[in-house]
Amino acid sequence: MSNTPDIESRRRFLKWATAGAATAVLLVGSPRFARADDLPALTETDPTAKALGYVENGSVSGNAKHKAGDVCSNCQFYGGGSTGRGPCQLFPGKSVNARGWCLSHTPKKG
Ligand code: SF4
């Protein structure tokens, strides 16, 4: 005995709904989609931060390579707003200060 089209379409719907819910759980739980507020703050003592000369306040970096006005918020690797903290592609899973700076600073295009 074959299933009626109505039962088949319900089965297909349930399969898609289950797959969609599982995908949503994976995306929400992924660090890539974590909000900046949820990310632990990068510290200047972090080994990678030290290696890249990261400072919380770029205006007082003391680094000869720092150019006036360069801060995380105008760096292409930064994903946050102009104030507070935000994610940086070079420090996944951590947040950097919008006013911070490091040797890898690359001005945003446009
Ligand atoms: S790469 Fe850019 S956003 Fe990341 S810490 Fe360095 S200056 Fe800030």
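What the table below lists for this structure:
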quantity	calculated
Qualifying positions in region 89-110 - at pLDDT 95 or above, more than 20 Å from Thr43 (Cβ to Cβ) and of a type in the set (D, E, K, R)	Lys108
Test set (1) closer than 20 Å to Ala51 by Cα; (2) surrounded by 20 or more Cβ atoms within 10 Å (Cβ to Cβ) - Arg99 fails condition number	(2)
Filter result (assigned to a loop (DSSP other than H, G, I, E, B) and exposed (fewer than 15 other Cβ atoms within 10 Å of the Cβ)) within region 53-72	Asn57, Gly62, Asn63, Ala64, Lys65, Lys67, Ala68, Gly69
Test for Gly86: is it surrounded by 11 or more Cβ atoms within 10 Å (Cβ to Cβ), in a loop (DSSP other than H, G, I, E, B) and modelled with pLDDT of 95 or more	no
Count - residues of region 53-100 that are over 13 Å from the mean Cα position of the chain (by Cα) and at positive phi	4
Qualifying residue in region 56-77 (condition: near the ligand (Cβ under 7 Å from one of its atoms), touching a Cys at 6+ places or on another chain (Cβ under 6 Å) and under 16 Å from Pro40 (Cα atoms))	no
Residues located in region 84-110, provided they are out of contact with any helix residue (DSSP H, G or I) (no Cβ under 8 Å at 6 or more places or on another chain), more than 7 Å from the ligand (Cβ to nearest atom) and among the small types (Gly, Ala, Ser)	Gly110
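The values are calculated or read from the model by the stated rules, or taken from the named source; none is laboratory data. Note that the structure is predicted; figures quoted are calculated from it, not measured. Positions of Cβ are generated from backbone atoms using ideal geometry, with glycine treated the same way; all protein chains shown enter the neighbour counts.
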